Amino acid sequence: WADFVEVDEVVFRHPVDVGDLLIFESKVLYTSNPNDEQHPRNHLHPLVHIEVIALIAKPETVSTKISNTFNFTFSAPNTKRVKSVLPGNLDEATRMVSRMIADELQGH
């Protein structure tokens with residue numbers, strides 16, 4: 001139901017070694033609809049902004065560390081509106097606002 005729009009630059013902060021396990025955690029950071037103030041004027045359809053965190057899990061030390069954070073944007077061309085997403089805590093709110101500012105600075 002969604003079309004891929006973009007992904008931010010992908011750079012791994014930590015290398016992934018053979019034998020490491022990767023864990024991916026994802027969440028919708030925010031959505032925007034064509035009549036919303038933060039919605040880019042060059043997009044006619046609702047947008048969904050998703051954050052994916054790639055964690056390296058080392059089973060032998062029972063530890064994890066962030067390898068990278070990816071930010072994807074998808075368009076929902078088959079619907080007029082998508083539901084708004086509200087952050088569940090201060091950390092989520094901070095990440096949401098940071099992403100919105102970054103998107104605005106990039107002209108999205």
- What nm value, rounded to one decimal, do you get for the distance between Asp36 and Ile23 when each label is placed 7 Å out toward the C-beta? 2.9
- Message: From the C-alpha coordinates alone, can you work out the Kirkwood hydrodynamic radius of the chain, in Å?
- Response: 15.3
- Write down, largest first, the equivalent ellipsoid semi-axes of region 19-75 in whole Å, where each equals the square root of 5 times an eigenvalue of the alpha-carbon gyration tensor. 34, 8, 7
- Measure of compaction for region 1-40 (Cα Rg per 2.2 N^0.38 Å): 1.78
- What helix-only [θ] at 222 nm does the chain give? Using -39500 (n - 2.57) per DSSP H run of at least 4, over all residues, to the nearest 500, the answer is -5000 deg cm²/dmol
- May I have the count of lysine pairs in the chain with C-alpha atoms under 25 Å apart, counting pairs 8 or more residues apart or located on different chains? 4
- Task: Any chance you could look up the accessible area of Leu44 with a 1.4 Å probe, heavy atoms only, rounded to 10 Å²?
- Result: 140
- Query: How much length, in nm to one decimal, is gained on full extension between Leu44 and Ile101, taken as 0.36 nm per residue of separation minus their Cα-Cα distance?
  - Reply: 18.5 nm
- Multiply the residue gap between Ser84 and Thr64 by 0.36 nm, knock off their C-alpha separation, and tell me the result in nm, one decimal place. 4.1 nm
- Which GluC sites (Glu not before Pro) does region 1-81 hold that lie in a coil by DSSP with at most 12 other beta carbons within 10 Å? Glu9, Glu37, Glu60
- Return the carbon/sulfur percentage of the accessible area of region 34-86, one whole number, probe 1.4 Å, all protein chains in place. 56
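The values are calculated or read from the model by the stated rules, or taken from the named source; none is laboratory data. Only a predicted model underlies this, so the values are computations on that prediction, with no experimental measurement involved. Counting neighbours? That spans all protein chains shown, and the Cβs are built from the backbone with ideal geometry, glycine included. Side chains included, ligands, DNA and RNA excluded: accessible areas come from the protein's heavy atoms. Shrake-Rupley method; radii C 1.70, N 1.55, O 1.52, S 1.80 Å.
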